[in-house]
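Student: Let me begin by handing over the structure; questions about it come next.
The values are calculated or read from the model by the stated rules, or taken from the named source; none is laboratory data. Fair warning: this is a prediction, and the values are worked out from it, not measured in the lab. Every residue, glycine as well, gets a Cβ built from its backbone with ideal geometry; the counts of neighbours run over all protein chains shown. Remember, those area values only see protein heavy atoms, side chains included, never the ligands or the DNA or RNA. Shrake-Rupley method; radii C 1.70, N 1.55, O 1.52, S 1.80 Å.
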Amino acid sequence: MKYYKISEFIYFSIFCISFYQTFSIWNIDRERAYIFLLFGIISLGMFFFRRHYRKKFSNRKKND
C-alpha cells in the first residue's frame, strides 16, 4: 500500500514541475509551454485517479 502513496506523490511532483516550467517559458516558447501544460494536466489527473483507487482499495480491505 505504501507504493501507491509514493506513486501519487511522484505524479504530484511531475505536476508541480510541469506547471513551473509552463509559467517560466510561457513568453519564450508557447509550443513547448503547451506541452508542459498538457503533461501537468495529465499528471494531476493521474494523481487523483491513483488516490481515488488507493482509498477505495483500503476501504474495501478494512471492511473485509
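Student: For every helix of n ≥ 4 consecutive DSSP H residues, a contribution of -39,500 (n - 2.57) applies; sum these over the chain, divide by its total residues, and give [θ] at 222 nm rounded to the nearest 500 deg cm²/dmol.
Tutor: On the way: 2 runs with 57 residues, N = 64.
My calculation for the chain gives -32000 deg cm²/dmol from helical runs alone.
Student: If I ignore ligands, DNA and RNA and count only protein heavy atoms, how much of S13 is accessible to a 1.4 Å probe, in Å² to the nearest 10?
Tutor: Solvent-accessible area, nearest 10 Å²: 50 Å².
Student: In degrees between 0 and 90, to the nearest 10, how far off the longest principal axis of the chain does helix 30-63 point, with axes built from Cα atoms?
Tutor: 10 degrees
Student: Also, I was wondering about something else. Eigenvalues of the Cα gyration tensor times 5, then square-rooted: what semi-axes does that give for the chain, in whole angstrom, largest first?
Tutor: On the way: eigenvalues 211, 17, 6 Å².
Result for the chain: semi-axes of 32, 9, 6 Å.
Student: Cβ under 11 Å from Q21's Cβ, Q21 left aside: what net charge do those residues give with Lys, Arg +1 and Asp, Glu -1? Write down the numbers at each step before the final one.
Tutor: Details: positive: R32; negative: D29.
Here the charged neighbours net out to 0.
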